[in-house]
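Written below as structure tokens is the structure these notes are about.
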Amino acid sequence: MKKLASLAIAVATLVVAVPASAQFAKPDDAVKYRKNAFFVMQQNFGRAAGMAQGKIPFDAKVAAESAAVAEFVSKLPWAGFGDGTDKGDTKADPKIWAEKAKFNEMAEKMQAEMTKFAAAAKTGSADNMKAALGAVGGTCKACHDAYKKD
Ligand code: ASC
């Protein structure tokens, strides 16, 4: 029973932590939210990727933890792309809001590839990580090319 209760709390926490959409006090908060989420993701993905590529000394534990954080955080930015958040201090192309289905599809593809990368990192093998790395980077780049202004 105790186990079930803690499982229920864990699931509830996850649902609260990863809203599909979210209310923000003002549009600028949503912009900051998604930018900060991307930054945390990039820092962790960059560290894990750098280790897989031998650019940073490989530490299996740190690599796996970093990839796991990147995977979790990859779910977060999207809540910050709600209606009315196309203005302000952002490089997000307004096309995003006109092409939401295509944007969401690209976002989902990135998350799926990040999940594979995190699973590879869990094996402790830099080679496994390297094999999954290109696909993640490809989804980052494809979306930046389509929707990130210089
Ligand atoms: C990264 C990062 C990106 C992508 C992209 C891949 O580590 O910060 O934006 O990979 O450079 O092409």
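Throughout, read-outs are computed from the coordinates displayed, never taken from laboratory work. Source: prediction; values computed, not measured. No Cβ is skipped: glycine too gets one built from the backbone with ideal geometry, and neighbour counts run over all protein chains shown.
Along the charge dipole of the chain, Cβ charges K/R +1 and D/E -1, which of Gln42, Met129, Phe58 sits furthest on the positive end?
Farthest towards the positive end: Phe58.
Which lysines, on any chain, are close to Lys141 with Cα under 19 Å apart, when same-chain ones fewer than 8 places away are left out?
Lys35, Lys75, Lys91, Lys95, Lys100, Lys102, Lys109, Lys116, Lys130, Lys149
Using alpha-carbon pairs under 8 Å, 6+ residues apart, how would you state the relative contact order of the chain in percent? Walk me through the intermediate numbers first.
Details: 155 pairs, mean separation 40.2, N = 150.
Dividing the mean separation by the residue count of the chain yields 27 percent.
Using a Förster distance of 25 angstrom, determine the FRET efficiency expected from the C-beta separation of Lys87 and Lys141, and round it to 0.05.
Details: r = 25 Å, r/R0 = 1.00.
The pair Lys87/Lys141 has a calculated efficiency of 0.50.
Is any helix in the chain, taking whole DSSP H runs, at least 27 angstrom long along its axis by alpha carbon and on average at least -0.5 on the Kyte-Doolittle scale, and which ones? Numbers along the way, then the final one.
Details: long enough: 27-52 (37 Å, -0.46); 100-122 (33 Å, -0.60); 126-147 (31 Å, 0.05).
TM-like helix candidates: 27-52, 126-147.
Where nothing but the Cβ of Lys and Arg (+1) and of Asp and Glu (-1) is charged, how large is the charge dipole of the stretch 52-107 around its Cα centre, in debye to the nearest 20?
Numbers: 8 positive and 9 negative charges, 18 e Å.
Magnitude of the dipole: close to 80 debye.
List the trypsin sites (Lys or Arg not before Pro) within the stretch 54-150 that fall in a DSSP loop (any state other than H, G, I, E or B) and whose Cβ has at most 13 other Cβ atoms within 10 Å. Provide the component values of the computation, followed by the final result.
Details: sites: Lys55, Lys61, Lys75, Lys87, Lys91, Lys95, Lys100, Lys102, Lys109, Lys116, Lys122, Lys130, Lys141, Lys148, Lys149; in loops: Lys55, Lys75, Lys87, Lys91, Lys149.
Listed in order of number, the matching sites are Lys55, Lys87, Lys91, Lys149.
Assigning unit charges at the beta carbon (Lys, Arg +1; Asp, Glu -1) and nothing else, what dipole magnitude in debye, to the nearest 20, does the chain show about its Cα centre?
The calculated dipole for the chain is roughly 240 debye.
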